[in-house]
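In what follows, a structure is listed as structure tokens, so that the remarks can point back to it.
The values are calculated or read from the model by the stated rules, or taken from the named source; none is laboratory data. Note that the structure is a prediction, hence the values are computed from the model and not measured. Using ideal geometry, Cβ is built from the backbone for each residue, glycine included, and neighbour counts are taken over all protein chains shown.
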Amino acid sequence: GIKCGIVGLPNVGKSTLFNALTQAGIDAENFPFCTIEPNTGVVPVPDPRQDKIAAIVNPKRTIPTTMEFVDIAGLVAGASKGEGLGNQFLANIRETDAIAHVVRCFDNENVIHVANKVDPASDIEVINTELALSDLDAVEKQLHKLHKKAKGQDKEAIRLVALLEKIKPTLDQAMPVRSVDLSDDEKKELHQFHLLTTKPTLYIANVNEDGFEDNPYLDKVREIAAAENAEVVVICNKLESEIAELEDDEKIEFLSDLGMDEPGLNKVIRASYKLLGLQTFFTAGVQEVRAWTVKVGATAPNAAGVIHTDFEKGFIRAETVAYNDFIEFNGESGAKDAGKWRLEGKEYIVKDGDVMHFRFNV
Ligand code: GDP
């Protein structure tokens, strides 16, 4: 499946975050169709729109869509040269589709920092350098292979050599390939090399309970992220792990005491979901209202296929109501009366929030 890797130096709060996510999450045993590794968490995606749809439809049950997080064992300086769990760490990241980079923005004398000093800029640099060096290694190996082919006038090899030569100077400076200005075609072509620094990335600034404001560590993370066009989610992982352990009604009370309307974890989940290029469509029946995930740009048959492969194979049409119309006109029949109910064909590109019903041949 499509998944987001949680990375960061040791002792920055990755496991605390991962445990909170999985605590709030779903037991792997409830998901018989996917084999879940111990470091993978299947987490429901919180979506207030689903409750609004359910309030109209009144179904027997509502089922949220889910996403996967992978907790990636701690990285240390020198990983790209095989230090620590280096190679394993990098291989695990290679299999993810996006990276959530946890950065320590809290002081705590009892929690040792691997470099003996809380310093987000240098922490971020350590990780980004290891990722870039690993990519540099991969690029050099590819170039070595491709140069031979390119000599034989292999057109594809010549093109790929030019592309790799274009990104190499950036990696030489230990900068991410993300920061190179590339066309969409070039990006697509780079995909085959599974480079780590082409993966979409966001920063998770892990702060103390009182560290959401006037926090120079946090300011630093924001500054670095802005330069990379990356998003920052600010969260107190320790607090989140406490919240995740509460029963539902206790949770609501605890959050309102803190002046929060939802757990901070929700922000992490939504930002990661978006980072992965994912979006949600709904099915809304009296039995169940359910959220499903498709990639941005997916077609109606793709969406049908998420529910059942037979739906995709025998796809005829998708009855579709945009989320806003569904709410404004109080459900499907209201939307129909208002002329907002559409029959979409094979070419239709699904929009976030679409409420869909598929017609198919068996
Ligand atoms: P990991 O090595 O990155 O997985 O880090 P852990 O999640 O194991 O956290 C290391 C230590 O830092 C643990 O003792 C946590 O309780 C503590 N910790 C994590 N987040 C916070 C936080 O936001 N504030 C404080 N004060 N301590 C934290």
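Are there any pairs, at least 6 apart or on different chains, whose C-beta atoms fall under 6 Å, with the first in the stretch 80-103 and surrounded by fewer than 20 Cβ atoms within 10 Å (Cβ to Cβ) and the second at pLDDT below 90 and part of a helix (DSSP H, G or I), and if so, which?
Gly86/Ala79
Just the residues that are part of a loop (DSSP other than H, G, I, E, B) and surrounded by 21 or more Cβ atoms within 10 Å (Cβ to Cβ), please, taken from the stretch 210-219.
Step one: filter the stretch 210-219 for residues part of a loop (DSSP other than H, G, I, E, B), giving 210-215.
Within the stretch 210-219, none qualify.
For every residue, the table says whether it meets (1) away from the ligand (no atom under 16 Å from the Cβ); (2) in contact with a Phe, Trp or Tyr (Cβ under 6 Å, 6 or more places away or on another chain); (3) at pLDDT 80 or above; (4) closer than 30 Å to Ile307 by Cα.
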| residue | (1), (2), (3), (4) |
| --- | --- |
| Lys3 | yes, no, yes, yes |
| Leu21 | no, yes, yes, yes |
| Glu37 | yes, no, no, yes |
| Pro44 | yes, no, yes, yes |
| Asp47 | yes, no, yes, yes |
| Thr66 | yes, no, yes, yes |
| Val70 | no, no, yes, yes |
| Leu75 | no, yes, no, no |
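Taking the criterion of being within 16 Å of the ligand (Cβ to nearest atom), surrounded by fewer than 15 Cβ atoms within 10 Å (Cβ to Cβ) and either of a type in the set (D, E, K, R) or on the phi < 0 side of the Ramachandran plot (or both), would at least one residue in the stretch 196-209 satisfy it? First the steps, then the outcome.
Going through the stretch 196-209, the residues within 16 Å of the ligand (Cβ to nearest atom) turn out to be 203-209.
Among the residues that remain, those that are also surrounded by fewer than 15 Cβ atoms within 10 Å (Cβ to Cβ) are: 209.
Okay, now just the ones that are also either of a type in the set (D, E, K, R) or on the phi < 0 side of the Ramachandran plot (or both), so 209.
Yes, because at least one residue in the stretch 196-209 is within 16 Å of the ligand (Cβ to nearest atom), surrounded by fewer than 15 Cβ atoms within 10 Å (Cβ to Cβ) and either of a type in the set (D, E, K, R) or on the phi < 0 side of the Ramachandran plot (or both).
If only one of Ala322, Ala304, Ala338 is crowded, with 18+ Cβ neighbours inside 10 Å and out of contact with any Ser or Thr (no Cβ under 6 Å at 6 or more places or on another chain), which one is it? Please lay out each step first, then the result.
Working: Ala322 fails: crowded, with 18+ Cβ neighbours inside 10 Å; Ala338 fails: crowded, with 18+ Cβ neighbours inside 10 Å.
Criteria check complete, one pass: Ala304.
Of everything in the stretch 276-329, what is of a type in the set (Gly, Ala, Ser) and under 25 Å from the mean Cα position of the chain (by Cα)? Give them in sequence order. Even if it seems obvious, please write down each step before you answer.
In the first step, residues of the stretch 276-329 are kept if they are of a type in the set (Gly, Ala, Ser); the result is 277, 284-285, 291, 297-298, 300, 303-305, 314, 318, 322.
Gly277, Ala291, Gly297, Ala298, Ala300, Ala303, Ala304, Gly305, Ala322, listed by residue number.
Can you list the helices (runs of 4 or more DSSP H) lying wholly within the stretch 220-322 that have 2 or more residues being of a type in the set (D, E, K, R) and farther than 19 Å from Ile2 by Cβ? Even if it seems obvious, please write down each step before you answer.
Values: elements: 237-244, 248-257, 265-275, 300-307, 309-313.
Answer list for the stretch 220-322: 237-244, 248-257, 309-313.
Within the bounds of the stretch 130-152, is there any residue that is within 16 Å of the ligand (Cβ to nearest atom), of a type outside the set (Val, Ile, Thr) and surrounded by 15 or more Cβ atoms within 10 Å (Cβ to Cβ)? Even if it seems obvious, please write down each step before you answer.
Initial filter on the stretch 130-152 (within 16 Å of the ligand (Cβ to nearest atom)): 130.
From what's left, of a type outside the set (Val, Ile, Thr): 130.
Then drop every residue that is not surrounded by 15 or more Cβ atoms within 10 Å (Cβ to Cβ), which leaves 130.
Yes, some residue in the stretch 130-152 is within 16 Å of the ligand (Cβ to nearest atom), of a type outside the set (Val, Ile, Thr) and surrounded by 15 or more Cβ atoms within 10 Å (Cβ to Cβ).
Residues of the stretch 226-243 being among the aliphatic types (A, V, I, L, M), under 21 Å from the mean Cα position of the chain (by Cα) and modelled with pLDDT under 95, which ones?
Listed by number, the residues that qualify are Ala226, Ala227, Ala230.
Give me the residue from the stretch 128-154 that is without any contact (Cβ under 8 Å) to a residue 24 or more places away in the chain and hydrophobic (A, V, I, L, M, F, W, C) and, out of that set, nearest to Ala225 (Cα to Cα).
Across the stretch 128-154, the extreme among qualifying residues is Leu146.
Looking at the stretch 315-323, is at least one residue in contact with a helix residue (DSSP H, G or I) (Cβ under 7 Å, 6 or more places away or on another chain), among the polar types (S, T, N, Q) and touching a residue at least 12 places away in the same chain (Cβ under 8 Å)?
Narrowing the stretch 315-323 to residues in contact with a helix residue (DSSP H, G or I) (Cβ under 7 Å, 6 or more places away or on another chain): 315, 318, 321, 323.
If we keep only those that are among the polar types (S, T, N, Q) as well, we get none.
The answer is no, given that none of the residues of the stretch 315-323 is in contact with a helix residue (DSSP H, G or I) (Cβ under 7 Å, 6 or more places away or on another chain), among the polar types (S, T, N, Q) and touching a residue at least 12 places away in the same chain (Cβ under 8 Å).
So which residues in the stretch 232-262 are within 14 Å of the ligand (Cβ to nearest atom) and closer than 20 Å to Asp47 by Cα?
Val233, Val234, Ile235, Glu240, Ile243, Ala244
Name every residue in the stretch 323-360 that is in a strand (DSSP E or B), within 26 Å of Lys274 (Cα to Cα) and hydrophobic (A, V, I, L, M, F, W, C), in order of residue number. Walk me through it before giving the result.
So in the stretch 323-360, the residues in a strand (DSSP E or B) come out as 342-344, 349, 355-360.
Remaining after also requiring within 26 Å of Lys274 (Cα to Cα): 344, 349, 355-358.
If the condition is that a residue be in a strand (DSSP E or B), within 26 Å of Lys274 (Cα to Cα) and hydrophobic (A, V, I, L, M, F, W, C), then Ile349, Val355, Met356, Phe358 are the ones that fit.
Find the residue count for the stretch 92-119, including only residues that are within 14 Å of the ligand (Cβ to nearest atom) and of a type in the set (Val, Ile, Thr).
Residues that pass the stated criteria total 6.
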